[in-house]
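Q: Questions regarding the structure given below will be posed in turn.
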Ligand SMILES: CC(C)(COP(=O)(O)OP(=O)(O)OC[C@H]1O[C@@H](n2cnc3c(N)ncnc32)[C@H](O)[C@@H]1OP(=O)(O)O)[C@@H](O)C(=O)NCCC(=O)NCCS
């Protein structure tokens, strides 16, 4: 087993433990158990975790081709490195502060943002133009275990670079990467109904609207607005 494969396996096991703990904890909390009981339920869910599901075909991502660079018109798309974070944060912060497209808290700390965008996902990518990060996306399983063949992705483009096809390229790239990593479908869980550019884009790129969550997003300017669930099977 290569070093990279070992790292990916360790990461898949770590993620499965976190997911199992969270599921156990949340189920116990919702059933009214006290905080201590819920913590124990989380731990026992980890102890009872059947790791064979983690080893099943397609659950462990294939080694990432870290050095591979995809060329688009005027920019490259490649895996993000730790040094890319400051570039991502420069647009992540204003996008989240605006409170119009992502449910992260508007005052999210830089560490929490980095963990959510760079550390927790299976993989994170950047679009780079003239040495500057102008967009980014991540891929991660949308659910643990039996739902892990469906991935979730998040995309952000620097406001200064919008309208130039960066998100289109990122989404096309993400579909190929998702297939390569063993995912079979993609799901967007909370596309804000007022986010016209995103909805136009995702539909154009093959996503089907499978649900509307009434007033599920607390928009900073518009108040409670609907959110769409979009889905695309990866042929
Ligand atoms: C949504 C977002 C990722 C798009 O990035 P982008 O690089 O500008 O996207 P592209 O240039 O590839 O494509 C934009 C498309 O939206 C269209 N568009 C732009 N504004 C629009 C609007 N108000 N209504 C409808 N379509 C619109 C453009 O015409 C273009 O479509 P076309 O290629 O068919 O002409 C970017 O605006 C962003 O980062 N927004 C904040 C974060 C976000 O919303 N992420 C998505 C969460 S689901």
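Only the coordinates and a few stated rules stand behind these numbers; no lab work does. Remember, it's a predicted structure, so these values are computed and weren't measured experimentally. FYI the Cβ positions are ideal-geometry reconstructions off the backbone, even for glycines, and counts take in every protein chain you see.
Q: Highest GNM mean-square fluctuation, the chain, Cα pairs closer than 10 Å: which of 213, 39, 201?
A: 39
Q: Sorted from fewest to most neighbouring beta carbons within 10 Å, what does the list 118, 156 look like? Working shown, then result.
A: Values: 118 19, 156 22.
Ranking 118, 156 by Cβ neighbours within 10 Å, fewest first, gives 118, 156.
Q: Determine the shape class of the range 171-219: with a ≥ b ≥ c the square roots of the Cα gyration tensor eigenvalues, call it rounded for a/c under 1.5, and otherwise prolate if a/b is greater than b/c, oblate otherwise.
A: Values: a/c = 2.54, a/b = 1.87, b/c = 1.36.
Here the range 171-219 falls in the prolate category.
Q: Within a 10 angstrom radius of the beta carbon, how do 184, 146 rank from fewest other beta carbons to most? Each step should come with its number before you reach the end.
A: Working: 184 14, 146 9.
Listing 184, 146 from fewest to most nearby Cβ atoms yields 146, 184.
Q: Going by how many other Cβ atoms sit within 10 Å of their own, how do 81, 168, 124 line up, fewest first?
A: Numbers: 81 11, 168 15, 124 22.
So the ranking, lowest neighbour count to highest, is 81, 168, 124.
Q: Can you work out the base-10 log of I(q)/I(0) for the chain at q = 0.09, 0.11, 0.12 1/Å, using the Debye formula on its C-alpha atoms alone?
A: Each listed q corresponds, in turn, to -0.41, -0.61, -0.73.
Q: Give me the base-10 log of I(q)/I(0) for the range 83-138 at each q in 0.17, 0.19, 0.29 Å⁻¹, Debye formula, one uniform scatterer per Cα, rounded to two decimals.
A: Debye curve over Cα of the range 83-138, log10 I(q)/I(0) at q = 0.17, 0.19, 0.29 Å⁻¹: -0.51, -0.64, -1.30.
Q: Let me ask something else. Given the rule -39500 (n - 2.57) for each run of at least 4 DSSP H residues, summed and divided by the residues of the chain, what is its mean residue ellipticity at 222 nm, to the nearest 500 deg cm²/dmol?
A: Details: 7 runs with 88 residues, N = 235.
Mean residue ellipticity at 222 nm (helix-derived): -12000 deg cm²/dmol.
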